[in-house]
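Take a look at the structure below.
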Amino acid sequence: MTLVSGWGRFPVVDSDVLRPRSFAAVGDAVVAGSVARGNGRAYGDAAIGAVRTIGMTGFDRIRSFDPATGRIRLEAGVQLADLIDTFGPRGFLPFVVPGTRFVSVGGAIAADVHGKNHHCEGGFGRYVDSILLRTGQGQTIEVSREQNSDAFFATIGGMGLTGIILEATMRLRPVETGWIRERVISASDLDAAMRALDAGDAATYSVAWIDCAARGRDLGRSLIYLGEHASRDELAEGAAAFPVGKNPNLAVPVDLPSMTLNRFSIRAFNELYYRMGARRAGGSHVVSLYPYFFPLDAIADWNRIYGKRGFLQHQCVIPERNARAVLGEILDRVARRGDASFLAVLKKLGQGDGILSFPLPGYTLALDFPVKGDILNFLDEIDRLVVAAGGRLYLAKDARQSRATFEAGYPALPRFNAIRKSLDLNGAIRSKLSQRLFDEV
Amino acid sequence: MTSRKTALVLGGSSDIGRAAARAFAKAGYDVGLAGRDVAALEPDAADLRARYNVEANLHKFDVLDTASFDGFVAALPALPDVVISIVGLLGVQQNAESDLAHATTIMRSNYEGPSLILGLFAEKFLARGAGTIVGVSSVAGDRGRASNYVYGSAKAGFSAFLSGLRARASRGGVHVVTVKPGFVRTKMTEGMKLIGPLTVEAPVVGDAILQAVEKKTEVVYVSGKWRLVMLIIKTLPEAVFKKLKF
Ligand SMILES: Cc1cc2nc3c(=O)[nH]c(=O)nc-3n(C[C@H](O)[C@H](O)[C@H](O)COP(=O)(O)OP(=O)(O)OC[C@H]3O[C@@H](n4cnc5c(N)ncnc54)[C@H](O)[C@@H]3O)c2cc1C
């Protein structure tokens, strides 16, 4: 047994960890209570098997690529970072990328990850045509919109619970360059932020960074980042069509004492960040895709900033009609508490594609909290607001929501479980997350 | 149109072999992958073609079957520009202490086979007047240690072979590179306790091999820290060294 945790380093639990080297060995590795793990960027307990965790990052081969159409067949352990570095210079990028490029294709499918373009282009699963799935019954089946479509839509966003994704066929986006034309808008409060996001609906990429230390009249003050793929003629003379992606050269070497993050340092950081951003607001400029999409990737192991006990991300989505009031209430409570993250992100989502996919039309807010004090109770209170507003929490970030919160947020759960059951045998596929939230006890 | 350069990787199915093949293919080389199980290598060849739009072909090669070496080289469609031997077997020291067959396999896999095949390529390269030979040896060959001297001694022999070959071949326009990777996170070292700051990922080794070939480096410690560590270990007096547990 090994101690395993997700990116938030909470909870830390025991699981047997195996890294098979062939698809046959993947099959042999499955025992009752197994789940696949990609690159471990889910924050909580989604990628930890109830009994056994099956590491998939060794499966990193591209099977085939058609430069005429951008269709690619690959193994589930290929990381988006690798795809971008390899196919970017050839004029192709993934259609959807999350806030870190160090995620595997299997993990991106299983969480149906959303990027800054979800409001207009949907999630990762929308660009997946078919999946080779090793089910809990021991069969290896191809699932797609046409073939085994129930299993396909349960696998997109299904958090690894339909089986182990071995390979996938998906489409890449043709691009002229690896640069983004970015426009920054500053918003003085939540209303202005939401208006700016609404106005940004036509932009391919949009996201707001909120100063969650700001209170009162400043509550919800934000910087909104809009982006479009830059064409070749928008680049400076002599600029390379594709920027170089550096590996993180800064790393957090040790767990920082949790003192480092306190209401004063967070306030100061937020103030500085807002002012610097506001100064750039208005104009538009061209930036490399790397800092645009993956600002945190520049610092390796940044999760250690939150100290040994780890941290929690709380990411909810609130349906459009209730969003303004509820988001205001959440932000106000967070600001009053004072120890909220320096990372608060607000963005609009559209309809999700998978049965258990997180996105629904509305606004999603993501906040980080160090694990300490009464944080669990505090988040339970926030959850009550989310549930009352018809919202839900993102499973890829979750480590602590209650069954009741989960069930209220995901009404399609019975349908998901019926499909899951038809693919499974004797509880072969179970994660700590599914045990915590919805497996029969 | 000038044809592309070619690199042949012996031991293509290892993690370092895959990484080296990717590094060379990315740099525009056509790549040959050689290994015992050709069918198992096919997905790796497909990976290289899909990623880098290069030619990738497969060759059956067993490092213990030295009798086949002449035929193996003769059957290659063309003599490669670069040949890289990644073949090796860590084995289990404790077993090797009493099981002669196991000890023999470790010695032959790390010294006899790699030396003979690279020696053969050296002859062909010298006849042509050009070529690069890369042998992946190990820091374990810098000094025999209680915990793995069977493996280490075979690597020491291989390192000595490479340095002698380099001295001779350089006069004939042939370059020889010795690579000493140190700790690499691969299936070979899975489950072992590796010292974090001294450990690298396989792609780092792949890139280091490519660099060494292009810059004509002679001996490469993949992580620079290893050069220092091994310098210290090599210079410890025997009386002190034998008391150390590692
Ligand atoms: C800095 C940061 C920023 C992020 N930003 C975003 C964002 O903007 N949008 C967003 O949607 N998410 C975001 N995430 C979350 C991340 O995209 C998801 O958690 C993603 O699933 C992680 O992929 P992974 O390969 O690390 O998978 P893991 O964390 O290892 O696993 C995640 C889930 O996928 C399943 N899984 C993994 N591989 C397989 C497989 N081969 N077969 C079946 N199931 C599998 C696991 O069982 C688990 O349920 C962010 C995470 C971080 C750390």
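The values are calculated or read from the model by the stated rules, or taken from the named source; none is laboratory data. Please read these numbers as outputs of a predicted model, since none were measured by experiment. Virtual Cβ from ideal backbone geometry, glycine too; neighbours counted across all protein chains shown. For accessibility, only protein heavy atoms count, side chains too; no ligands or nucleic acids. Shrake-Rupley method; radii C 1.70, N 1.55, O 1.52, S 1.80 Å.
Where helices (runs of 4 or more DSSP H) fall wholly inside the range A:97-213, the ranges with 1 or more residues that are among the polar types (S, T, N, Q) and open to solvent by 20 Å² or more (accessible area, probe 1.4 Å) are A:149-155.
Considering the conditions (1) loosely packed, with under 13 Cβ neighbours inside 10 Å; (2) among the aliphatic types (A, V, I, L, M); (3) within 19 Å of the chain's Cα centre (by Cα), residue B:192 is excluded by exactly one of them, (3). Restricting attention to the range B:33-48, the residues being within 22 Å of residue B:81 (Cα to Cα) and at the interface with chain A (Cβ under 8 Å from one of its Cβ atoms) number 3.
Remark: pairs (first residue in the range A:289-306, open to solvent by 30 Å² or more (accessible area, probe 1.4 Å); second residue of a type in the set (Phe, Trp, Tyr) and assigned to a helix (DSSP H, G or I); Cβ separation under 7 Å; 6+ apart in sequence or on different chains) = A:296/A:302.
As a summary of the residue check, residue A:107 satisfies the conditions (1) within 9 Å of another protein chain (Cβ to nearest Cβ); (2) under 21 Å from the mean Cα position of the chain (by Cα) except for the one numbered (1). In the set (1) touching a Pro at 6+ places or on another chain (Cβ under 9 Å); (2) away from chain A (no Cβ under 14 Å); (3) free of Cβ contacts under 8 Å to residues at least 60 places away in the same chain, residue B:53 fails one condition alone, (2). Residues that are modelled with pLDDT under 80: list the helices (runs of 4 or more DSSP H) wholly contained in the range B:148-246 that include at least 1 such residues. Answer list for the range B:148-246: B:224-235.
The set of residues in the range A:1-28 being open to solvent by less than 60 Å² (accessible area, probe 1.4 Å), more than 12 Å from the ligand (Cβ to nearest atom) and more than 14 Å from chain B (Cβ to nearest Cβ) consists of A:10, A:11, A:13, A:27. Here is the figure for the range A:146-191: residues that are in contact (Cβ under 8 Å) with a residue 24 or more places away in the chain and within 16 Å of the ligand (Cβ to nearest atom) total 20.
For the range B:12-24, enumerate the residues that are open to solvent by 20 Å² or more (accessible area, probe 1.4 Å) and closer than 19 Å to residue B:65 by Cα.
The answer is B:13, B:14.
When restricted to residues that are of a type in the set (Gly, Ala, Ser), in a loop (DSSP other than H, G, I, E, B) and within 22 Å of the chain's Cα centre (by Cα), the range A:1-41 contains 5.
Tallying residues that are open to solvent by less than 20 Å² (accessible area, probe 1.4 Å), near the ligand (Cβ under 9 Å from one of its atoms) and assigned to a loop (DSSP other than H, G, I, E, B) within the range A:52-96 yields 5.
Restricting the search to helices (runs of 4 or more DSSP H) fully inside the range B:25-118 and requiring at least 1 residues that are buried (at least 22 other Cβ atoms within 10 Å of the Cβ) gives B:38-52, B:100-107. Any residue at all in the range A:31-46 that is within 14 Å of chain B (Cβ to nearest Cβ), touching a residue at least 60 places away in the same chain (Cβ under 8 Å) and touching a Phe, Trp or Tyr at 6+ places or on another chain (Cβ under 6 Å)? Within the range A:31-46, one or more residues are within 14 Å of chain B (Cβ to nearest Cβ), touching a residue at least 60 places away in the same chain (Cβ under 8 Å) and touching a Phe, Trp or Tyr at 6+ places or on another chain (Cβ under 6 Å).
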